[in-house]
């Protein structure tokens, strides 16, 4: 990036709850340093001020759910030197991707009195399905410390250093006893990307998979272990269909278990 001026940062929202944008605002003391290092050119969640592009770095929250979204994300990509997708919606389609497993027209006709006015896509898809993404930051919501690392990395021209391992490693780091081994509690930790600090297992609850699949996960083996704990196929399918239902590893395992349940 050009060191003679402050890099221009833009923060964009698509279909989402805005929770990942709040992670940036929740940096608190560090936010002052971020604001001092960049020109926040576009961030409707925080300011009405708008500076025209091009932008050095764009953070994109939310999934693509409408035809308008498809065209808009292409415009954002053209205006951005680097584009980072942040959060489960932007990286996997989000909780709204549950529509991908059903007929969206049925939902629209049920929810809206005049469905003919609703323009939507059949599926909720991640940003990378439509444009080139330079980096994906997982989580629902994202970890604000990881967000700070991403900002620092792109400001200094290096690749972000975020952990590729599973939540199980985080459990070991903080001294948690494995809830699945010790208590027989079903847990998605072995296949879930680290980033939450093993929050749920720390309170004797199984991981819900908020950060999506880790690198090279083995959900089939985990499902078999869940089965040995007495968890039925329908419940296993439901576990994979959470915030990251459309993430490839979770989607495929959910579909496989759903098919197996239908055949049994």
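Ranked from highest to lowest mean number of other Cβ atoms within 10 Å per residue, what is the order of the peptides 211-217, 245-251? If you can, show how the numbers build up before the last one.
Details: 211-217: 20.9, 245-251: 22.7.
Descending mean neighbour count gives 245-251, 211-217.
Taking the simple approach of a point 7 Å from Cα along Cα-to-Cβ for both residue 221 and residue 77, what is their distance in nm? The modelled label-to-label distance comes out at 3.5 nm. Antiparallel beta bridges, as assigned by DSSP with both residues in the chain, represent about 25 percent of the total such bridges. Extension gain, residue 119 to residue 205: 0.36 nm times the residue separation minus the Cα-Cα distance gives 27.0 nm. Taking the longest Cα principal axis of the chain as reference, the axis of helix 248-263 is set at about 30 degrees. With respect to the chain, whose longest principal axis is taken over its alpha-carbon atoms, helix 144-155 is tilted by about 40°. Which value at 222 nm does the chain reach when only helices count, each DSSP H run of 4 or more adding -39,500 (n - 2.57), with the total divided by all residues and rounded to the nearest 500 deg cm²/dmol? Theoretical 222 nm ellipticity from helices: -11000 deg cm²/dmol. For the stretch 167-263, relative contact order (Cα pairs under 8 Å, six or more residues apart, normalised by length) works out to 23 percent. The mean sequence separation of alpha-carbon pairs under 8 Å and at least six residues apart, normalised by the residue count of the stretch 8-155, gives a relative contact order of 29 percent. Put simply, when 18-28, 70-80, 188-198 are sorted by average Cβ atoms within 10 angstrom per residue, most first, you get 188-198, 18-28, 70-80. Label-to-label distance for residue 181 and residue 32 is 4.5 nm, based on points extended 7 Å past Cα in the beta-carbon direction. Can you bin the stretch 8-155 into rounded, prolate or oblate? Criterion: square roots of the alpha carbon gyration tensor eigenvalues sorted a ≥ b ≥ c, rounded for a/c under 1.5, prolate for a/b above b/c, oblate for the rest. Verdict is prolate for the stretch 8-155.
Could you order peptides 143-155, 86-98, 54-66 by the average number of other Cβ atoms within 10 Å of their residues, highest first? The partial results should precede the final answer.
Numbers: 143-155: 19.3, 86-98: 27.2, 54-66: 24.5.
In descending order of packing, they fall as 86-98, 54-66, 143-155.
Taking every C-alpha pair closer than 8 Å and separated by at least 6 residues, the mean separation divided by the residue count of the chain gives a relative contact order of 17 percent.
Viscosity 0.890 mPa s, temperature 25 °C: Stokes-Einstein D of the chain from its Kirkwood Cα radius, in µm² per second? Mind showing how you got there, number by number?
Values: Rh = 19.6 Å.
For these conditions, the coefficient is 125 µm²/s.
The stretch between residue 263 and residue 51 holds 70.7 nm of extra length on full extension. This uses 0.36 nm per residue minus the Cα-Cα distance.
No value in this document is a laboratory result; all are computed from the given coordinates. All figures in this text were calculated on a predicted structure; none of them were measured in a lab. Cβ coordinates were reconstructed from backbone atoms using ideal geometry, including for glycine residues, and neighbour counts include every protein chain displayed.
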